[in-house]
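A short write-up of the structure that comes next.
Bear in mind that the values in this text are calculations on the coordinates, not laboratory data. None of the values given here were measured: they were computed from a predicted structure. Cβ atoms come from the backbone with ideal geometry, glycine included; neighbour counts cover every protein chain shown.
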Amino acid sequence: MRMDLPFYPLLLGPTPLHPLPRFSAWLGGAEIWIKRDDLTALALGGNKLRKLAYLVADALAQGATDLVTTGAAQSNHCRQTAAAAARAGLGCHLVLRGQPGDRPGGNVLLDHILGADLHWAGSPDTGPAMERVLSDLRAAGRRPYAITLGGSMPVGAAGYAYAWREMAEQARAQGIDFDAVVFATSSGGTQAGLAVGAGASHWPGAIHGISVDHKIPDLAAVAERLTQATAELLAVDRPHPVVVHDDYIGDGYGILNDADREAIFALARSEGILVDPVYTGRALAGLIDLTRRGMLAGRVLFWHTGGAPALFAYEKELFTTFTESP
Ligand SMILES: *Cc1c(COP(=O)(O)O)cnc(C)c1O
């Protein structure tokens, strides 16, 4: 695997890898470990900083003055892009789905504190608003660098191929081997990077992407294309196959259900670790269900991709009693 892709130092070192003994005892049936990408270094962390380390380097190499990207109101990607832009001394423009006030607080507050300019698209499709922001910036003599939804372009996904390597080295140092990896997937970049990293090291286990919103045909096609492009960029011949599960979407993106709630409360009350209402709570709900159905066993790594700041935008859905907690 090509190792010399330029990066900008947004990550201050490896994130922890450790077991979850009390959560595993509560669940039964598998030994669960966690990779703490909720603890990447800037502005409350998350997986997007691993992508942005490479995207920001690319932007600076192209002489960019501003980062421009898009997402939902509670986008963790947008919040981390704002943090990366601040650290790199770049402007930041975020084109958010919907209207101001749609789901306030949480990441929207952090976007503002981090100094990003917020542009509300007024609709679910942010494409036209994104084009408008880019052309306005160019007309004003700026050089905007456009980052796709979730930072899921090959240069960004590469961050997760390198993350795989970091995790594999930590696992080796701790004398353990994982049978399976489970994580939350949506725009496909994390999945593509993990597939390339695991493929480069000929890892024999299974990677389970738990879709938080898209059905398999759509997400698998996107992830497959991105995996191939990322493999080419990093000169990896055979990326690892990635399994996508679309059984946990419920009523859709960001709409909490009881399984999401059970996962959020269970991990918090057994280990003191927070997962989020949109991505990692749902991925953990998938892990819980797959383990209960006997489809996951042995040593299973839950790759925490962050997102907990969105909890503060879901108070109404989470101030509920939950009786079966550990
Ligand atoms: C963006 C995000 C994901 C999904 O990553 P993709 O690379 O977009 O598939 C998972 N978890 C959290 C917390 C995220 O913010």
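Values as computed for the structure displayed
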{"quantity": "Förster radius 22 Å - calculated FRET efficiency between residue 316 and residue 118, Cβ distance, rounded to 0.05", "calculated": "0.45"}
{"quantity": "Full-extension gain in nm, residue 109 to residue 176, via 0.36 nm per residue minus C-alpha separation", "calculated": "20.1 nm"}
{"quantity": "Anchor residue 35: aspartates and glutamates whose Cα lies under 17 Å away (excluding residues fewer than 8 positions away in-chain)", "calculated": "166, 169, 177, 179, 271, 276"}
{"quantity": "Rounded to 5, the percent of DSSP beta bridges in segment 1-160 classed as antiparallel", "calculated": "20"}
{"quantity": "Solution diffusion estimate, µm²/s, Stokes-Einstein, segment 263-326, Kirkwood Rh from C-alpha pairs, 37 °C, viscosity 0.692 mPa s", "calculated": "262"}
{"quantity": "Cα gyration tensor shape for segment 196-326, rounded if a/c is under 1.5, else prolate or oblate", "calculated": "prolate"}
{"quantity": "Dipole of the chain, positive direction: furthest Cα of 26, 43, 127, with charges on the beta-carbon", "calculated": "43"}
{"quantity": "Residue 148 versus residue 12: modelled label distance in nm, points set 7 Å from Cα along the beta carbon direction", "calculated": "3.2"}
{"quantity": "Share, in percent, of DSSP beta bridges within the chain that are antiparallel, nearest 5", "calculated": "10"}
{"quantity": "Most positive-pole-ward Cα, 222, 171, 255, against dipole of segment 160-259 from beta carbon charges", "calculated": "171"}
{"quantity": "Cβ-based charge dipole, segment 182-326, positive-most Cα from 211, 308, 273", "calculated": "273"}
{"quantity": "Modelled FRET efficiency - R0 51 Å, residue 60 with residue 251, Cβ distances, 0.05 increments", "calculated": "0.80"}
{"quantity": "Estimated 222 nm signal from helices in the chain, with DSSP H stretches of n ≥ 4 weighted -39500 (n - 2.57), rounded to 500", "calculated": "-13000 deg cm²/dmol"}
{"quantity": "Calculated SAXS-style log₁₀ I(q)/I(0) at q = 0.18, 0.23, 0.25 Å⁻¹ - segment 40-136, Debye, Cα scatterers", "calculated": "-0.77, -1.21, -1.36"}
{"quantity": "Potential extension, residue 243-residue 165 segment - 0.36 nm per residue separation minus Cα distance", "calculated": "26.1 nm"}
{"quantity": "Sites residue 202 and residue 232, calculated FRET efficiency, Cβ-Cβ separation with R0 22 Å, nearest 0.05", "calculated": "0.75"}
{"quantity": "Highest-MSF residue in the chain out of 80, 228, 99 [GNM, Cα springs under 10 Å]", "calculated": "99"}
{"quantity": "Trypsin sites (Lys or Arg not before Pro) within segment 218-326, DSSP loop, no more than 13 other Cβ atoms inside 10 Å", "calculated": "293"}
{"quantity": "Gap separating the Cα centres of segment 87-163 and segment 199-216, nearest whole Å", "calculated": "27"}
{"quantity": "Long-range HN-HN contacts of residue 296 with modeled amide H, under 5 Å", "calculated": "291"}
{"quantity": "√(5λ) per eigenvalue of the Cα gyration tensor, the chain, largest first, Å", "calculated": "30, 24, 17"}
{"quantity": "Net dipole in debye of the chain [+1 Lys, Arg Cβ; -1 Asp, Glu Cβ; about Cα centre; nearest 20]", "calculated": "560"}
